[in-house]
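Okay, so here's the structure we're looking at.
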Amino acid sequence: MAARNGLPGVQKLTSARRRKLGARLRDAGGIDGWRAAIEKVAGSDFLCGRIPGKSWRASFDFILDETKFAKVMEDSYAKRNNLDRDAGREVDLFMEYYRRTDAIRAAGTTQGGACSEPE
């Protein structure tokens, strides 16, 4: 996977790396969970350094880190599509509309002029 995605390959499996790898295998629920995590890494533009203008790539040690591995498993590094971004933008616009509406009501006016709302 590393070679296919331009990530640095593992050259040496030190005792510290073995210990962390064992812990991550347990966290993942075994070899199938580990494979799933590795596929998530492969599918992440961020972790594989496929972000224009960025040269950083995830290393084996990065993936073995407990916190970072949890984020991989939780899809925190997953590619976000335009629908995710558009949905977030719609929520922001919706919230802004209601903030402005509440501010107008609090001021005792409507957008059309200085009339107060009927009780």
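Every number in this text was worked out from the coordinates using simple rules, so none of it is lab data. On a predicted model such as this, the values are computed, not experimentally measured, just so you know. Positions of Cβ are backbone-derived with ideal geometry, glycine not excepted, and every protein chain shown enters the neighbour counts.
List of remarks:
- Among residues of the range 7-21 that are surrounded by 11 or more Cβ atoms within 10 Å (Cβ to Cβ), those with a beta-carbon under 6 Å from a residue that is assigned to a loop (DSSP other than H, G, I, E, B) at least six positions away or on a different chain give the pairs 7/57; 8/59.
- A search for C-beta distances below 7 Å between a residue of the range 28-56 that is in contact (Cβ under 8 Å) with a residue 12 or more places away in the chain and any residue that is of a type in the set (Phe, Trp, Tyr), counting only pairs 6+ apart in sequence or on different chains, returns 28/34; 37/69; 44/77; 46/77; 47/77; 49/56.
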